[in-house]
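Input: a single structure, listed below in structure tokens.
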Amino acid sequence: MVVPPTRPPPVPFQRPPLHHFDTYAFVQQLQMEGGFSKDQAQLIMEIMQQQMRVKIARNKDRLLHRSQLENEEHILQASMEDLRNAVMIHRRNDAAILRAELVMLAKEIDQLEIQLNEDLNYLQSSIDLTLNDFRNDGRQEQKLAMIETQQVNHRITVMIADANMAIERMRWQAIWQGLLGIAAAGFGLSAIGYGLSRLRARTPPPPIISQMEFDDTLTIADMQIYG
């Protein structure tokens with residue numbers, strides 16, 4: 001039996017140490033500008049390099065790997081797609097609800113318009129009836145006022161006629177009273193004249209005074225009486 005030759009185990013690949021900055025230039029700069037010796041400069045460089053490696057290792061632990069990043073990206077895209085679908089569904093639902101509300105609002109507006117038209121018609125009818133009643137009342141009052149005016153005019157006419165008759169009666173009474181007064185005055189004057197004539201007929205004539213018996217002491221008035 002032939003035994004196949006065994007292969008030596010693979011040597012793991014070791015990456016060369018990674019330098020994050022130029023160590024040689026940094027050591028030379030420390031020696032030339034800082035005044036450090038070569039050993040001191042190398043020690044400072046190694047300390048800084050070690051600190052940087054520790055910091056970078058910590059940051060690598062905190063960072064995500066590519067697969068994790070792709071997984072997170074896939075999850076994020078799926079979440080965004082779900083969110084987009086949810087937003088679209090929500091928008092569709094809101095649009096449907098809004099359309100339904102608009103339809104209900106349009107129906108309510110139509111009902112309100114119908115109710116408003118009915119109320120306006122009822123109000124117009126009420127106003128027309130009120131105006132007709134007012135016109136009828138006004139006409140009735142006008143008729144009553146005309147009747148009362150006619151009655152007042154008739155009363156005034158009757159009163160004027162009565163006043164004219166009373167004035168005419170008073171005028172005729174005054175005329176008759178004047179005529180009676182004149183007649184009475186004439187009758188009285190006639191009676192006085194008749195009485196004077198009778199009295200004159202009964203009195204004797206005055207004696208005739210001769211020239212010899214003429215008294216010089218008589219006045220003109222006495223002479224007129226006796227003469």
* Pop out the ³J(HN,Hα) list for the range 145-155 in order, Karplus 6.51 cos²θ - 1.76 cosθ + 1.60 with θ = phi - 60°, rounded to Hz; leave Gly and Pro as x. => 5, 5, 5, 5, 5, 4, 5, 5, 4, 5, 5
* Which whole-Hz ³J(HN,Hα) couplings does the range 98-114 yield from phi under the Karplus relation 6.51 cos²θ - 1.76 cosθ + 1.60, θ = phi - 60°, glycine and proline marked x? -> 5, 4, 4, 5, 5, 5, 4, 5, 5, 5, 5, 5, 4, 5, 5, 5, 4
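Treating only the Cβ atoms of Lys and Arg (+1) and Asp and Glu (-1) as charged, compute the dipole magnitude of the range 23-150 about its Cα centre; round to the nearest 20 debye.
Numbers: 15 positive and 21 negative charges, 266 e Å.
Computed about the Cα centre, the dipole is about 1280 debye.
Rounded if a/c is under 1.5, else prolate if a/b is larger than b/c, else oblate: which is the range 23-150, with a ≥ b ≥ c the root eigenvalues of its Cα gyration tensor? Write out the running numbers ahead of the final one.
Working: a/c = 14.39, a/b = 3.93, b/c = 3.66.
Here the range 23-150 falls in the prolate category.
The numbers here are math on the coordinates, done by the rules we state, and not lab data. None of these values were measured; they are calculated from a predicted model. With ideal geometry, Cβ positions are generated from the backbone for all residues, glycine too; neighbour counts draw on all protein chains shown.
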